[in-house]
Amino acid sequence: MFENTSNQPLSLVARLEHPGTRNMKTVGLYVGPSSRVDVDKVGGWIAQSGDRITVENSKIQDWSGSIP
């Protein structure tokens, strides 16, 4: 789930990876002002523990993290 807490729309590119299988997917996400988007529903990605996520946007700093 990605949440946009600002009052401006946000366009993101999310890179998703299952490290154990090296399965990767890149999806474009549009998150409206003060709203959320579920990457499972948009990109068909089933999140699993250990997955790596990188979020990119040209106007903000990239973010990377892992699902516990």
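Computed from the coordinates by the stated procedures, all read-outs in this text should not be read as laboratory data. Everything quoted here is computed from the prediction, not taken from an experiment. Glycine gets a Cβ as well: all are built from the backbone with ideal geometry, and neighbour counts include every protein chain shown.
Evaluate the charge dipole of the chain about its Cα centre and quote only its size in Debye, nearest 20, assuming +1 on the Cβ of each Lys and Arg and -1 on the Cβ of each Asp and Glu. The partial results should precede the final answer.
Details: 7 positive and 7 negative charges, 22 e Å.
Magnitude of the dipole: close to 100 debye.
Starting from the Cα-Cα distance between I60 and R22, subtract it from 0.36 nm times their residue separation and give me the gain in nm to one decimal. Mind dumping the intermediate values first?
Numbers: separation 38, 0.36 × 38 = 13.68 nm, distance 2.70 nm.
Answer, rounded to one decimal: 11.0 nm.
Which trypsin sites (Lys or Arg not before Pro) does the stretch 12-46 hold that lie in a coil by DSSP with at most 14 other beta carbons within 10 Å?
R22
Looking at S35, T21, S64, which one has the Cα that reaches farthest to the positive end of the dipole of the chain (charges on Cβ: Lys, Arg +1; Asp, Glu -1)?
Of the options given, the answer is T21.
Whole-Hz ³J(HN,Hα) for each residue in the stretch 31-36, computed from phi via Karplus 6.51 cos²θ - 1.76 cosθ + 1.60 with θ = phi - 60°, x for glycine and proline: what do you get?
With coefficients 6.51, -1.76 and 1.60, one gets 10, x, x, 6, 9, 10 Hz.
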